[in-house]
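The values are calculated or read from the model by the stated rules, or taken from the named source; none is laboratory data. The shown structure was predicted, so the numbers you read here are calculated from the model rather than taken from an experiment. With ideal geometry, Cβ positions are generated from the backbone for all residues, glycine too; neighbour counts draw on all protein chains shown.
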Amino acid sequence: MKQLTIVLALLLGVVFSTTASKPGKEKEVKIKTSAVCEMCKERIEKNLTLSKGVNEAVLNLDDKVVTIKYNPKKTDEASLRKVITDTGYDADSQVCSQTAHDKLPSCCQKGNESHGHH
Amino acid sequence: MLTQIEQMKLPSLNIYLILLSCLLGGRLQAQRVTGTIYERNETGKKSALVGVNVFWGGTSLGTITDSLGKFDIARSAKTNRLIISYIGYKTDTIKISAESNFDIIMKPEGQLGEVVVRGTSSQIDRLNPIQTEIITTKALAKAACCNLSESFETNASVSVSYSDAVTGAKQIQFLGLGGQYVQTNVENVPTIRGLASTFGMNYIPGTWIQSIDIAKGAGSVVNGYESLTGAINVELIKPDAREKTYFNTYVNNFGRGELNLNLNRKLSDKWAVGFLTHASTLQNRVDNNGDGFMDLPLYTQFNGINRWQYKSDKMMAQFGVKALHENRLGGQMAFRENMRGTSQAYGFGNVTNRVEFFSKTAKLYQDKPYKGLGLILNASQHNTNSYFGFANYDGNQRTLYGNLIYQSIISNTNHQFKTGFNYLLDDYRETYKDSLMTRMESVPGAFFEYTYNYLDKFTVVAGLRADYHNLFGAFVTPRLHARWQPLEHTVVRVSAGRGQRTPNALAENYGYLVSGRAVRFWGGPLQPEVSWNYGLSITQTFHWFEKHWDLILDYYRTDFQNQLVADTDHADALASHLYFYNLRGKSYSNSFQVELNTLLSKRTEVKVAYRLFDVWQTMGQPANDVRLAQRMMIPRERVLFNIGYTLPYDKWKADLTVQWNGKARINDPMKSLQATIERKSMPILYSQSFVNVNAQVSRAFKKFEVYLGGENLGNFKQPNPIIHSEDPFNKYFDAGQTWGPVIGRTIYAGIRIKVKD
């Protein structure tokens, strides 16, 4: 039993260490978005996190700024901005994709800033 | 990256800690989070809520709001999820990213049901006076979770094993006893019971499940009297779920394939409709242990639910239909369905059809969120036809269930109560070989349950119900639960209560029917099973090595006043026996469990648990060999270790579970025969202990998720799971002595596609 578990733990350890972020090579960028509510936050964070080269994305709803930690070898700021606009939100001065924006639930579309913070 | 743990190099640290220490991040700084909690009254004005629970998810670090509705809580190193809960209001979870001050307006609950806090993958419901573990979708995704029977893999309290080596039926072990003593509810309606207890665990696909609550001990009186050791409640995906479409497909190395599709649509502000569907099959004959028998039965299952839901400010209603068809075929590799009833090859077959109508209606009181009136109505028809070699077993069960519940408060929300009536009608018709058994049970009942809550520090739930059973007369079911939080990090729970149920000897001991045993009901008609259950549990949280730990200790005892004894100990020159009879003498179960949980880092969860079952039964009267013997097939000890690693939004997820199962008492008809010939007492035999290892890795993409996993990776197989497999028409043939895995290593892969709003 012991040998087996050690082997498996080692295997898992390998999986972990290859997928875990490598802090030395990591870059960070802050992008202002047009997020409205918790649902928007989840949508943007999820799409960014699941994009190639992104280690972490955290959106602060108070200032609508998303902080992205990424691997510059795998992606760049322009691609990250494109992920946000394709999700239906503005990324700094870049305007969102209109089709993606129109698909959002009405409460998450621009001009609904009062929503969400109950 | 060296961490403090590694630098200390304590000998007590195990290999996992050291291996994973490379992942541990830096410490969070101590900060405080403050805020005010309000409700909005009829005129739309905000007013402060006093006594609201504010705590960090998965911990017992918490506080309550003061007379101005304000709270002030130290930041937790373990989580950023702050949970706001108040009875009668919707529980709110807030992700705290930076130090801040919050104004929160709580919304009334809007439906009947206890306040349940959900968050991390599995946790103890902190505030529930009944010791309750919650398995969320996050924990369910840790394993392939094809169905309910596979959903407890990472849970220490519930274990599931095959009941025999042929049929694929599965049995729960809980507090040292079988699944029939746990009330298994789907959305608070008793569901896996009666004839459905044989394969019922396979009838709830994992993709339909939203969460599972496991309550230990006597339980609430609201849903009936049948929970002897506890209650498992499964909540299914609701029609108004945010996931509009969920598609899942699964395949494993033995050729089992599975398709699941959930569709949920909001039709208007008030109406929503949901479809949960499932189809799965195995058509590949597998015999890896070379005993000539299929290790798994071939099967096909079609299963579906259609549910309609209506929600307005004043009422909530839902109704729908469930339907299931399943076909199983097992036995010797050469067996074909047309050989049924011949001695060409030994075969097993089962066809089950089940239909169920369900409805729930609740009247709500907008300005009084603590008040509600609910009505549950269910009707089901369960039909099952089986054969084991030459023996046929057919069963039909029709059930009606109604429950009317009124809940309100006495002067303030510190005193709540639920009261109501229910009615249960069970109509059974079973034939086994040449004997016909029919039973009609009609049981009206009434209940009252009072809950006293003092600032969430001390809670008592006292319940009483009275039922009149048409066959067994009137009986009273008292139950008491108390929860006390003497210190901030310590919760103590005690419980005591009575339970009663009518046993279904054949359906609950189905695995023993795959044998040459002669079935006999001995010593008069079967009486209802009656037990008292007593429990004590302590939940302690503490800081150690800069980490947050939860330690849960619990002890439960179940004492039977009457029990159905299924006795397989005896064999003589004429036959090997399966006796069913009423308990005469002592029967009890002691269950002790210790569980330790921690978050090693923000992304790594670890659980270690040890469980001891000490279960004894007085048996042997039919052969005049009376003694107190260990309950069959229950491993005395079990150790569970689980480690899970998750990146944000499940980009990568890896999970490993190792279980060690101790020895269980088993039986061998040949040894019994020998003892009979030598005029000795029946032999006491034990199985081996074994280790089971499961692991899974999954990766999420924007639109879908893929997973790859393995079960029984150590490839342990029970040697000779079938006694006399070479001669299955022998009277000492027995496939019901299964204590370990019959099939070896299983590798599976699948994909999940979810479309959200």
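Being under 18 Å from B:Glu226 (Cβ atoms) and in contact with a strand residue (DSSP E or B) (Cβ under 7 Å, 6 or more places away or on another chain) is true for just one of B:Gly349, B:Gly402. Which residue is that? Working first, answer last.
Details: B:Gly349 fails: under 18 Å from B:Glu226 (Cβ atoms).
Just a single option satisfies the conditions, and that option is B:Gly402.
Working carefully through the options B:Gly44, B:Gly57, B:Gly62, B:Gly35, find the one that is within 14 Å of chain A (Cβ to nearest Cβ), at pLDDT 50 or above and in contact with a strand residue (DSSP E or B) (Cβ under 6 Å, 6 or more places away or on another chain). Before you say what the answer is, go through the steps one by one.
On the way: B:Gly44 fails: in contact with a strand residue (DSSP E or B) (Cβ under 6 Å, 6 or more places away or on another chain); B:Gly57 fails: within 14 Å of chain A (Cβ to nearest Cβ); B:Gly62 fails: within 14 Å of chain A (Cβ to nearest Cβ).
Selected residue: B:Gly35, the only one of B:Gly44, B:Gly57, B:Gly62, B:Gly35 that is within 14 Å of chain A (Cβ to nearest Cβ), at pLDDT 50 or above and in contact with a strand residue (DSSP E or B) (Cβ under 6 Å, 6 or more places away or on another chain).
Just to verify a result, which residue in the stretch A:50-101, among those that are in a helix (DSSP H, G or I) and within 11 Å of chain B (Cβ to nearest Cβ), is nearest to the chain's Cα centre (by Cα)? Quick ask: steps written out before the conclusion?
Filtering the stretch A:50-101 for residues in a helix (DSSP H, G or I) gives A:77-87, A:98-101.
Going one step further and asking which of them are within 11 Å of chain B (Cβ to nearest Cβ), we end up with A:83, A:86-87.
Numbers: A:Val83: 9, A:Asp86: 12, A:Thr87: 11 Å.
So the residue we want is A:Val83.
Scan (1) among the aromatic types (Phe, Trp, Tyr); (2) outside any strand (DSSP E or B); (3) over 30 Å from B:Leu49 (Cβ atoms) for the single condition B:Tyr370 breaks and write down its number.
(3)
Restricting to the stretch B:339-357, name every residue that is under 23 Å from B:Glu726 (Cβ atoms) and either part of a loop (DSSP other than H, G, I, E, B) or not hydrophobic (A, V, I, L, M, F, W, C) (or both). Explain how you work it out, then say what you get.
Here is the first cut: in the stretch B:339-357, the residues under 23 Å from B:Glu726 (Cβ atoms) are B:339-349.
Result: B:Arg340, B:Gly341, B:Thr342, B:Ser343, B:Gln344, B:Ala345, B:Tyr346, B:Gly347, B:Gly349.
Looking at B:Asp625, B:Asp550, B:Asp554, B:Asp569, which is the one that is crowded, with 21+ Cβ neighbours inside 10 Å and in a loop (DSSP other than H, G, I, E, B)? Full working, then the answer.
Values: B:Asp625 fails: crowded, with 21+ Cβ neighbours inside 10 Å; B:Asp550 fails: in a loop (DSSP other than H, G, I, E, B); B:Asp554 fails: in a loop (DSSP other than H, G, I, E, B).
Answer to the check: B:Asp569.
Looking only at the stretch A:22-49, which residues are in contact with a helix residue (DSSP H, G or I) (Cβ under 6 Å, 6 or more places away or on another chain) and part of a loop (DSSP other than H, G, I, E, B)?
A:Ala35, A:Val36
For (1) assigned to a strand (DSSP E or B); (2) crowded, with 16+ Cβ neighbours inside 10 Å, each residue gets a yes or a no:
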{"site": "B:Phe447", "(1), (2)": "yes, yes"}
{"site": "B:Val460", "(1), (2)": "yes, yes"}
{"site": "B:Arg465", "(1), (2)": "yes, yes"}
{"site": "B:Ala474", "(1), (2)": "yes, no"}
{"site": "B:Ala496", "(1), (2)": "yes, yes"}
{"site": "B:Gln500", "(1), (2)": "yes, yes"}
{"site": "B:Leu506", "(1), (2)": "no, yes"}
{"site": "B:Gln527", "(1), (2)": "no, yes"}
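Criterion first (of a type in the set (Asp, Glu), within 10 Å of chain A (Cβ to nearest Cβ), in contact (Cβ under 8 Å) with a residue 40 or more places away in the chain and within 22 Å of B:Val160 (Cα to Cα)) does B:Asp650 satisfy it? So that I can check it myself, show each step before the final result.
On the way: of a type in the set (Asp, Glu): yes; within 10 Å of chain A (Cβ to nearest Cβ): yes; in contact (Cβ under 8 Å) with a residue 40 or more places away in the chain: yes; within 22 Å of B:Val160 (Cα to Cα): no.
Judged against the criteria, B:Asp650 is not a match.
For (1) in contact with a Ser or Thr (Cβ under 9 Å, 6 or more places away or on another chain); (2) within 22 Å of B:Phe580 (Cβ to Cβ), each residue gets a yes or a no:
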position: B:Val461; (1), (2): yes, no
position: B:Phe472; (1), (2): yes, yes
position: B:Ala505; (1), (2): no, yes
position: B:Ser515; (1), (2): yes, yes
position: B:Gly523; (1), (2): no, yes
position: B:Trp532; (1), (2): yes, no
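Taking only the stretch B:412-458 into account, find how many residues are in contact (Cβ under 8 Å) with a residue 60 or more places away in the chain, of a type in the set (Ser, Thr, Tyr) and farther than 25 Å from B:Ile376 by Cβ.
Qualifying residue count, the stretch B:412-458: 1.
Rundown of residues vs (1) in contact with a helix residue (DSSP H, G or I) (Cβ under 6 Å, 6 or more places away or on another chain); (2) closer than 25 Å to B:Gly217 by Cα, yes/no style:
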{"site": "B:Thr502", "(1), (2)": "no, yes"}
{"site": "B:Glu508", "(1), (2)": "yes, yes"}
{"site": "B:Trp522", "(1), (2)": "yes, no"}
{"site": "B:His548", "(1), (2)": "no, no"}
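Does B:Lys360 satisfy the criteria of being without any contact (Cβ under 8 Å) to a residue 60 or more places away in the chain, more than 20 Å from B:Tyr432 (Cβ to Cβ) and assigned to a strand (DSSP E or B)?
no
Taking B:Val658 and the conditions (1) more than 14 Å from every other protein chain (Cβ to nearest Cβ); (2) out of contact with any Lys or Arg (no Cβ under 9 Å at 6 or more places or on another chain); (3) crowded, with 21+ Cβ neighbours inside 10 Å, which numbered condition does it fall short on, given that it satisfies the others?
Going through (1) more than 14 Å from every other protein chain (Cβ to nearest Cβ); (2) out of contact with any Lys or Arg (no Cβ under 9 Å at 6 or more places or on another chain); (3) crowded, with 21+ Cβ neighbours inside 10 Å one by one, B:Val658 breaks only (1).
Which one of these is outside any loop (DSSP other than H, G, I, E, B) and among the small types (Gly, Ala, Ser): B:Gly255, B:Gly290, B:Gly274? Break it down into steps so the answer makes sense when it comes.
Details: B:Gly255 fails: outside any loop (DSSP other than H, G, I, E, B); B:Gly290 fails: outside any loop (DSSP other than H, G, I, E, B).
Going through B:Gly255, B:Gly290, B:Gly274 in turn, just one is outside any loop (DSSP other than H, G, I, E, B) and among the small types (Gly, Ala, Ser): B:Gly274.
Out of B:Glu726, B:Glu705, B:Glu711, B:Glu678, report the one residue that is among the charged types (D, E, K, R), surrounded by 15 or more Cβ atoms within 10 Å (Cβ to Cβ) and away from chain A (no Cβ under 12 Å). Walk me through it before giving the result.
Values: B:Glu726 fails: surrounded by 15 or more Cβ atoms within 10 Å (Cβ to Cβ); B:Glu705 fails: away from chain A (no Cβ under 12 Å); B:Glu678 fails: surrounded by 15 or more Cβ atoms within 10 Å (Cβ to Cβ).
One residue alone meets the criteria, B:Glu711.
Being in contact with a helix residue (DSSP H, G or I) (Cβ under 6 Å, 6 or more places away or on another chain) and either surrounded by fewer than 24 Cβ atoms within 10 Å (Cβ to Cβ) or assigned to a strand (DSSP E or B) (or both) is the filter here; which residues of the stretch B:211-236 pass it?
First, the residues of the stretch B:211-236 that are in contact with a helix residue (DSSP H, G or I) (Cβ under 6 Å, 6 or more places away or on another chain): B:228-229, B:236.
The answer is B:Leu236, and nothing else.
So B:Val697 clears everything in (1) touching a helix residue (DSSP H, G or I) at 6+ places or on another chain (Cβ under 9 Å); (2) more than 28 Å from B:Ser601 (Cα to Cα) except one condition, right? Which one?
Against the list (1) touching a helix residue (DSSP H, G or I) at 6+ places or on another chain (Cβ under 9 Å); (2) more than 28 Å from B:Ser601 (Cα to Cα), B:Val697 comes up short only on (2).
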